[in-house]
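The values are calculated or read from the model by the stated rules, or taken from the named source; none is laboratory data. Since this is a predicted model, take the numbers as computed values, not measurements. Positions of Cβ are generated from backbone atoms using ideal geometry, with glycine treated the same way; all protein chains shown enter the neighbour counts.
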Amino acid sequence: MINQNNIKLAKDINSVSEGLLKSPFYPRQVEMNWAQAWTNWNGYASANYFKDAYVEYFLTRNTCGVYDVTGMCKYRIRGKDAEAMLNRMVTRDVSKQGINKVAYNVWCTDKGRIVDDGTIFRFSQDDFRIYCAEPNMDWFTLASAGFDNVSIVEESHDIAGLALQGPTSFALLRAIGLGAVEKLKPMELGHYPFPADNPKGEIMISRTGFTGDLGYELWIENDLALTLWDALFAKADLYGLRPFGEESLDMARIEAGFILPEVDFHGAQHTVILGHDHSPFEMGLDWMVNFKKPHFSGRAALLKEKEKGPAHKLLKLDVAGEKPANDAILYADKKGKTPIGYVTSALNSPATKANIAYGLVKGKHLTGPIYAEIYFQKDLRWYQKFALCEIKTKPFWAPKRAKQTPPGNH
């Protein structure tokens, strides 16, 4: 008897469970996703990886790659009171943010605990859009109380997005007729006719990203999403373009010094146990808290915390040895008698050749020795070691090309 299996092509395998939304880029992604490994991001099917996470990671360091960010939540905030409403909600001074500028921000409860973080895009004096990783419509609605001339509209499903990241990202955009982005500085945005040779609409491009390298985020109406994908991938071989997934993005963002909600910090609305939420000071975001501007949510509590000092602080750690400190408990001594915190993210960094981690440490132990209790396997047997950690103050990966304007011809 002959056993025969009908091998299906990746594009013919319906591995996305019923109910998950498919982004406008999904028809192209499913054809390239060898692993058919998908995860749920705000209801959208998001690729965990396409073939190999480590190979995809090197796209953002050596050539360029695209990551589907359609799953980001997007909120349009307009009206004469829009600036004042946002300025009361977030910790930075929105009145200082210029038009066509992007600003990273956090918003807090009255107790100074982070609700969420995100980026605010400013299009005009009275027109903004907020991008964040999780739904926030309820919070934004509450924050608008008392402002008569402000509208909040969710645009999460109306705009498709691609993060184009890596050294050759600008050269690729130039090759498809979008060379005007060379004038964009980091955290700036521009609007351009698209396609460049026969415009059918408009594309918004921001010089932003989550990898710490040269890169852009491309925002376009859903109907033109596949046109954008096809234009980019028509030049893929010349510029080393491939798609990458969430696993490789996580590696890059750890190197870049970016924190992730529900990984490095709990949003105040999701925390179950009292005291397990976090403040901007605990997350090392002191520079984002502006006490010179008028009242904002959490100001009084944060002012007290600034004077007293945070109960905990997230530190960048260079961990001795090569064993990643995933989920490690941190101690003040090598014998593990005095626990002082825990690791939130860890990576044996390919680009920096360092064993790196973020660790949330109790405030009174920020200047003393820190040891990570690491468990690892050899031939299915578990071993334990204590590794000394060195505190770092700068991102582990910050190449000059990430800020160079105009970008280099990589």
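Scan segment 254-276 for residues that are surrounded by 22 or more Cβ atoms within 10 Å (Cβ to Cβ) and modelled with pLDDT of 95 or more and the total you get is 2. No other residue among ARG129, ARG113 is touching a His at 6+ places or on another chain (Cβ under 7 Å) and of a type outside the set (S, T, N, Q) apart from ARG113.
For the residues ALA351, ALA346, ALA320, ALA300, the requirement of being surrounded by fewer than 21 Cβ atoms within 10 Å (Cβ to Cβ), among the small types (Gly, Ala, Ser) and either within 30 Å of SER169 (Cα to Cα) or in contact with a helix residue (DSSP H, G or I) (Cβ under 7 Å, 6 or more places away or on another chain) (or both) singles out ALA351. Per the listing GLY146, GLY177, GLY166, the residue uniquely in the same structural domain as ALA103 (by TED's automatic domain parsing) and at positive phi is GLY146. The residue that is surrounded by the most Cβ atoms within 10 Å (Cβ to Cβ), among those in segment 16-57 that are at positive phi and within 21 Å of the chain's Cα centre (by Cα), is ASN42.
When restricted to residues that are more than 27 Å from SER23 (Cβ to Cβ), among the hydroxyl-bearing types (Ser, Thr, Tyr) and outside any helix (DSSP H, G or I), segment 67-112 contains 2.
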